[in-house]
Amino acid sequence: MLLLLLGIIVLHIAALVLLFVSTIVSAWSVGREYTSDLWTNCSSSASGYHCETAFTGEWIQAVQAPMILSIIFSFISLFLFFCQLFTLQKGGRFFLTGVFQILASLFVMSGAIIYTVMSPTWVPQSESYGFAYILAWVAFPLALISGLIYIILRKRE
Amino acid sequence: FICYLCLYSVVRLQTFDTTDQSAIVVYTGWERHALVGSDIRLSCSFFSWRWTSPDVSFSWSYRPDGARDSIAIFHYANGEAYVAKKSPFWDRLEFVGNPSRRDGSIVIKNLDFSDNGTFTCDAKNPPDIGGSASSVRLLVFENVPIQAGVITGAIIGAVLGLLVLIVVIYYLMRFLVARRVFSLSVSKHGKKGKGKEGSQQRQASVPPLYTVTLTHSSL
């Protein structure tokens, strides 16, 4: 029982950490000496490393918002898990925790999809997707599985 | 000793006065955004310890984006406004400032993409002639881009607001139904609630707390 609890918490925190890294590090698009999105464009040219704020379009903001929301919802889900751990009746399901975690995963998915579809309008063709973008796509199934586990899980003695 | 203190403070004030005598602070904006074809007002005002003298003067100069030198485009002195004939703004510039109120703003009409650049305002208020000028950057757009973070904040605020609303409505419904259940159970004795609403909820939730602590100690 304790092992199961530990495993679930580790999964949840792993998804949360991935969300954090994916949102904070500005490496959704990378080029030769150029990383950009979501927050800054950094380029290391002959005159050194130089960062400026990213292109302030409508779509990049529509990616920033779901990523931040997913972090918030994942945090709320973790908090609710610990609340429900101590207040739920025996046999009860961690329904609320699971709902928030699944909402967080849906937000990551929508953010990543919006970025995939709309980024060609401002990112040059020579650039490829960076590791923060990939982490977002990895965090989505992790959070989804974590949320589903919460919904299926029943509180035992 | 008090006399020395008085003399010292007076001398200090004198030196304070003389060091600030030539420190004028000019204020313009930092950056201005405008649409093609529109007019823009570039404001310039200054702070000075002295009264506004009748010889107050304003000078505007312009440095295009990418150029190294700036050209003078406007000068106001002795109650007269002069627009430089050779500047690209000679027929589009209008002085709308009020020098007696320390305002040296100009309006540039019918902007074009070639007007992108840095405008520097230099104000002098004799005998306050020191201090540095201030620059404002002009950016001309085809359509004004949305500011960073507006949409982000709106989406986040809307979703969190919706969440708060749902929670409030849920608890409100519980409270209202609880009140109705309570008043009903007074008239009908054996009304067994599901345990979710009403005062029975409170009694039902206490035992699990005990069982939880018991099982945790057994673990």
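Could you list B:Ser57, A:Ser105, A:Ser70 in order of exposure, starting from the residue whose Cβ has the fewest other Cβ atoms within 10 Å?
Fewest to most other Cβ atoms nearby, the residues stand as B:Ser57, A:Ser105, A:Ser70.
Would you please give the FRET efficiency between B:Ile169 and B:Thr118, computed as 1/(1 + (r/R0)^6) with r the Cβ-Cβ distance and R0 = 41 Å, to the nearest 0.05?
0.15
So what does the Cα-only Debye profile of the stretch B:24-145 read at q = 0.10, 0.18, 0.19, 0.22 Å⁻¹, as log10 I(q)/I(0), no solvent term?
The computed values of log10 I(q)/I(0) come out as -0.29, -0.90, -0.99, -1.27.
Can you give the average number of partner chain beta-carbon atoms within 10 Å of each beta-carbon in peptide A:86-93, as a whole number?
Across A:86-93, the average partner-chain Cβ count within 10 Å equals 3.
Could you put B:His75, A:His12, B:His33 in order, starting from the residue whose Cβ has the fewest other Cβ atoms within 10 Å?
Ordered by Cβ neighbours within 10 Å, fewest first: B:His33, B:His75, A:His12.
I need the semi-axes of the equivalent ellipsoid of the protein assembly as shown: take the C-alpha gyration tensor, multiply each eigenvalue by 5, square-root it, list largest first in whole angstrom.
They are 63, 31, 22 Å, listed largest first.
Counting only other chains, what is the mean number of Cβ atoms within 10 angstrom of the Cβ of each residue in peptide B:155-163?
That works out to 4 on average.
Starting from the Cα coordinates of the stretch B:56-104, work out the convex hull volume and express it per residue in Å³.
Taking the convex hull of the Cα positions in the stretch B:56-104, it is 85 Å³ per residue.
Taking Cβ-Cβ under 4.7 Å as the only way to count a partner, pick out the unpartnered cysteines of chain A.
Cysteines lacking a close Cβ partner in chain A: A:Cys83.
Taking only Cα atoms, what is the 0 to 90° angle, nearest 10, from helix A:2-24's long axis to the longest principal axis of chain A?
Helix A:2-24 sits at roughly 20 degrees to that axis.
Which value in nm describes the separation of the simple spin-label points at B:Asn143 and B:Ser53, placed 7 Å from the Cα toward the beta carbon?
Result: 5.2 nm between the two label points.
Provide the FRET efficiency to the nearest 0.05 for the B:Cys6-B:Ile129 pair, computing r from the beta carbons and using R0 = 30 Å.
0.40
Return the FRET efficiency for the residue pair B:Ile71, A:Ser128: r is the Cβ-Cβ distance, R0 is 41 Å, and the value is rounded to the nearest 0.05.
0.35
Exposure proxy check: B:Phe1, A:Phe81 ranked by fewest other beta carbons within 10 Å?
Fewest-to-most Cβ neighbours within 10 Å comes out as B:Phe1, A:Phe81.
Compute the distribution of all C-alpha to C-alpha distances in the stretch A:48-157, in bins of 5 Å from 0, and list the percent of pairs in each, rounded to whole numbers.
Here the calculated profile for the stretch A:48-157 is 2, 12, 18, 18, 14, 11, 9, 6, 4, 3, 2, 0, 0.
No value in this document is a laboratory result; all are computed from the given coordinates. This one's a predicted model, so the numbers in the text were calculated from it and none came from an experiment. FYI the Cβ positions are ideal-geometry reconstructions off the backbone, even for glycines, and counts take in every protein chain you see.
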